[in-house]
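The values are calculated or read from the model by the stated rules, or taken from the named source; none is laboratory data. Predicted model only: the values in this text are computed from it and were never measured. Neighbour counts run over all protein chains shown; Cβ positions are idealised from the backbone, glycine included.
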Amino acid sequence: MRKYNVGIIGCGPAGIFTALELLKNNPNISIIMFDEGRNIKTRKCPKSKTKKCMGCTPCNISSGFGGAGAFSDGKLSLSKDVGGWLEDYVGPIRIEELIKYVDNIYLSYNANPEISYNSEFANKISYECSKYGLKFIKCPVRHLGTEKSQVIMEKMYDYIISHSNVQVLELTKVKDIQPKNNSYHVITDKEQYICQNVVMAAGRSGSSWVQEICQKLNIPTSNNQVDIGVRVELPRQITDPLTNELYEFKIYNTSKTTENTVRTFCMNPGGFVSQENYDDNLAVVNGHSYHDLKSDLTNFALLVSCHFTEPFKEPITYGKYIARLANMLTGGKIMVQRLRDLREGKRSTKERMKKLSYTPTLTDAVPGDLSFVLPERILKALLETFEALEKVCPGISSDETIIYGVEVKFYSTHVDVNENLETKYKGLYAIGDGAGITRGLMQASISGVIAANDIIQKQTK
Ligand SMILES: Cc1cc2nc3c(=O)[nH]c(=O)nc-3n(C[C@H](O)[C@H](O)[C@H](O)COP(=O)(O)OP(=O)(O)OC[C@H]3O[C@@H](n4cnc5c(N)ncnc54)[C@H](O)[C@@H]3O)c2cc1C
């Protein structure tokens with residue numbers, strides 16, 4: 001069995017930034033990186049040619065070097081209030097420093113130098129929102145664009161593999177981690193390796209696996225939240241007055257009837273709605289935008305946070321169950337419905353969809369009725385939020401708006417780690433979205449820097 005200083009499981013932003021930071025501080029450190037997906041150069045979603053999802057295993061969109069972020073439109077959120085809970089671990093001052101540090105690394109890899117944000121306008125909208133009981137989150141964004149994210153990830157890949165002491169394994173799923181003699185046996189579907197330190201950076205697609213490992217090693221986890229909702233699509237001119245100034249608006253609403261928090265998320269002016277397949281062939285909806293190629297539409301997620309209490313402890317299973325219901329009704333596809341039909345208690349049909357003044361961007365979505373899928377409290381919270389948003393963004397809940405289902409965010413398995421993101425096992429770290437402590441590119445990347453710095457510090461002691 002080959003031995004390494006560090007094994008990194010998952011090559012998304014969290015795993016990549018772990019490797020970059022380790023190499024920056026110790027260019028000779030031996031690292032092995034595993035990803036169940038392909039490397040960034042061969043990762044291609046066939047849908048651009050076939051025009052429909054081919055259900056690849058592993059999914060080229062969510063797995064492989066670059067992680068879920070590689071084909072995302074790379075919106076780097078430059079606010080500590082967005083994209084995770086790292087402030088709870090490192091405090092408010094350190095998190096701001098780390099945001100600047102990681103942002104500068106992205107810039108050094110040619111990230112777009114512009115930031116799309118008008119602070120004065122943000123203050124105005126924040127005031128408007130507060131008049132209607134909505135909470136506006138101020139967050140400047142560096143927008144890389146999908147093609148640019150890929151190029152940046154490719155450059156990082158080239159840099160990492162240019163070190164002879166680093167091995168990056170594609171199409172290699174880690175099955176198990178076994179602590180033995182002050183190090184860890186990392187068992188893949190092909191071979192075994194011995195690593196002094198192991199960083200679990202498995203992302204959302206690997207969060208169930210992280211949970212399994214934690215259960216087996218008795219590492220405490222807490223797990224009580226999942227966000228369930230829809231992807232909204234509408235003519236771009238309706239959101240332009242806000243998105244031209246802010247690129248993205250993050251607004252929170254607390255439902256008056258259900259008291260669930262509902263939030264806008266991942267806004268893509270001129271973007272495209274996409275289907276994402278999880279490992280167990282579950283189709284969920286998402287959205288992205290390109291830097292140069294633009295549609296005439298805007299899409300964003302509207303998500304309802306669902307918190308569960310004792311005795312229920314399986315929010316991921318619950319979220320998947322709801323998404324699977326939509327898959328069941330559509331033959332494994334994404335369901336789409338006009339907001340008007342949902343309000344009127346009708347199913348959307350191909351004929352009704354044709355009455356829209358535009359062509360939706362997800363062309364193989366199946367018209368249906370989301371009220372057969374989403375529980376009443378989620379539907380109520382969503383419809384109330386559309387009404388509230390209409391006051392600050394007129395037209396957002398018009399008859400021209402369509403909703404795709406189901407969008408689910410499974411970042412809820414929260415692994416118990418210390419301020420260095422180390423579990424109760426010395427040298428075993430849990431970082432990024434898969435550990436339930438981040439939910440965005442910026443904080444996932446930062447989590448890699450934190451773990452790497454701790455490993456380096458321990459080595460130099
Ligand atoms: C379509 C889309 C758009 C997005 N847009 C944005 C955005 O604009 N801005 C933003 O901040 N965030 C965005 N996100 C979220 C962002 O991509 C994630 O927060 C980020 O990628 C998380 O990084 P990560 O390294 O923790 O996990 P991931 O990027 O998910 O990477 C985890 C990797 O681990 C691998 N893996 C999992 N289990 C195993 C295993 N057992 N063995 C081997 N490998 C394994 C997976 O294949 C994957 O490649 C978007 C996500 C999607 C899907």
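Sort out which residues of segment 330-353 are surrounded by fewer than 19 Cβ atoms within 10 Å (Cβ to Cβ) and touching a Phe, Trp or Tyr at 6+ places or on another chain (Cβ under 6 Å), and write them in order of number.
Listed by number, the list is empty, since nothing qualifies.
What is the one condition in (1) touching a helix residue (DSSP H, G or I) at 6+ places or on another chain (Cβ under 6 Å); (2) at pLDDT below 95 that residue 43 does not satisfy?
So the condition that residue 43 fails would be (1).
Suppose we filter segment 105-152 for residues that are among the hydroxyl-bearing types (Ser, Thr, Tyr) and over 24 Å from the mean Cα position of the chain (by Cα); how many remain? Step through it out loud before you land on a result.
So the first thing to find is which residues in segment 105-152 are among the hydroxyl-bearing types (Ser, Thr, Tyr), and the list is 106, 108-109, 116-117, 119, 126-127, 130, 132, 146, 149.
Next, from what is left, pick out any that are over 24 Å from the mean Cα position of the chain (by Cα): 119, 126-127, 130, 132.
Total satisfying the criteria: 5.
For residue 265, are the conditions met, namely being over 20 Å from residue 57 (Cα atoms), out of contact with any Ser or Thr (no Cβ under 7 Å at 6 or more places or on another chain) and either within 14 Å of the ligand (Cβ to nearest atom) or assigned by TED's automatic domain parsing to the domain that holds residue 439 (or both)? Break it down stepwise before answering.
Numbers: over 20 Å from residue 57 (Cα atoms): yes; out of contact with any Ser or Thr (no Cβ under 7 Å at 6 or more places or on another chain): yes; either within 14 Å of the ligand (Cβ to nearest atom) or assigned by TED's automatic domain parsing to the domain that holds residue 439 (or both): yes.
Criteria met by residue 265.
Considering only residues that are among the polar types (S, T, N, Q) and crowded, with 21+ Cβ neighbours inside 10 Å, look in segment 65-107 and name the one that is farthest from the ligand (Cβ to nearest atom).
Step one: of segment 65-107, the residues among the polar types (S, T, N, Q) are 72, 77, 79, 104.
Adding the requirement that they be crowded, with 21+ Cβ neighbours inside 10 Å leaves 72, 77.
On the way: 72: 3, 77: 5 Å.
My answer is 77.
Return the pairs, sorted by first residue and then second, in which the second residue is more than 15 Å from the ligand (Cβ to nearest atom), the first residue lies in segment 205-224 and is among the β-branched types (Val, Ile, Thr), the beta carbons are less than 7 Å apart, and the residues are 6+ apart or on different chains.
219/416; 219/423; 219/424; 221/416
Test each condition in (1) buried (at least 22 other Cβ atoms within 10 Å of the Cβ); (2) in a strand (DSSP E or B) for residue 176 and report the one that comes out false.
For residue 176, the exception is condition (1).
Looking at 276, 233, 248 in this structure, which one is among the acidic types (Asp, Glu), part of a loop (DSSP other than H, G, I, E, B) and buried (at least 20 other Cβ atoms within 10 Å of the Cβ)?
Numbers: 276 fails: part of a loop (DSSP other than H, G, I, E, B); 233 fails: part of a loop (DSSP other than H, G, I, E, B).
Selected residue: 248, the only one of 276, 233, 248 that is among the acidic types (Asp, Glu), part of a loop (DSSP other than H, G, I, E, B) and buried (at least 20 other Cβ atoms within 10 Å of the Cβ).
Every residue in segment 32-60 that is under 30 Å from residue 139 (Cα atoms) and surrounded by 24 or more Cβ atoms within 10 Å (Cβ to Cβ), please. Give the steps one after another, and end with the answer.
First pass over segment 32-60, keeping only residues under 30 Å from residue 139 (Cα atoms): 40, 60.
40, the sole residue that qualifies.
For segment 416-433, indicate whether the set of residues that are outside any loop (DSSP other than H, G, I, E, B), modelled with pLDDT of 95 or more, assigned by TED's automatic domain parsing to the domain that holds residue 355 and aromatic (Phe, Trp, Tyr) is non-empty. Explain how you work it out, then say what you get.
Keep residues of segment 416-433 that are outside any loop (DSSP other than H, G, I, E, B), which gives 422, 428-430, 433.
Pick out the ones that are also modelled with pLDDT of 95 or more and you get 422, 428-430.
Still in the running and assigned by TED's automatic domain parsing to the domain that holds residue 355: none.
No, because not a single residue in segment 416-433 is outside any loop (DSSP other than H, G, I, E, B), modelled with pLDDT of 95 or more, assigned by TED's automatic domain parsing to the domain that holds residue 355 and aromatic (Phe, Trp, Tyr).
Is it true that some residue in segment 133-149 is more than 17 Å from residue 7 (Cβ to Cβ), within 13 Å of the ligand (Cβ to nearest atom) and of a type in the set (Lys, Arg)?
Looking for residues that are more than 17 Å from residue 7 (Cβ to Cβ), within 13 Å of the ligand (Cβ to nearest atom) and of a type in the set (Lys, Arg), one finds at least one in segment 133-149, hence yes.
Report, ordered by the first and then the second residue, all pairs with beta carbons closer than 6 Å, sequence separation of six or more or different chains, a first member in segment 1-27 that is within 21 Å of residue 83 (Cβ to Cβ), and a second member that is polar (S, T, N, Q) and buried (at least 24 other Cβ atoms within 10 Å of the Cβ).
8/18; 13/445; 14/447; 17/445
Each row is one residue, and each column tells you yes or no for (1) in contact with a strand residue (DSSP E or B) (Cβ under 6 Å, 6 or more places away or on another chain); (2) closer than 30 Å to residue 128 by Cβ; (3) away from the ligand (no atom under 16 Å from the Cβ).
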position	(1), (2), (3)
386	no, yes, yes
395	no, yes, yes
401	yes, yes, yes
409	yes, yes, no
426	no, no, yes
433	no, no, no
453	no, no, yes
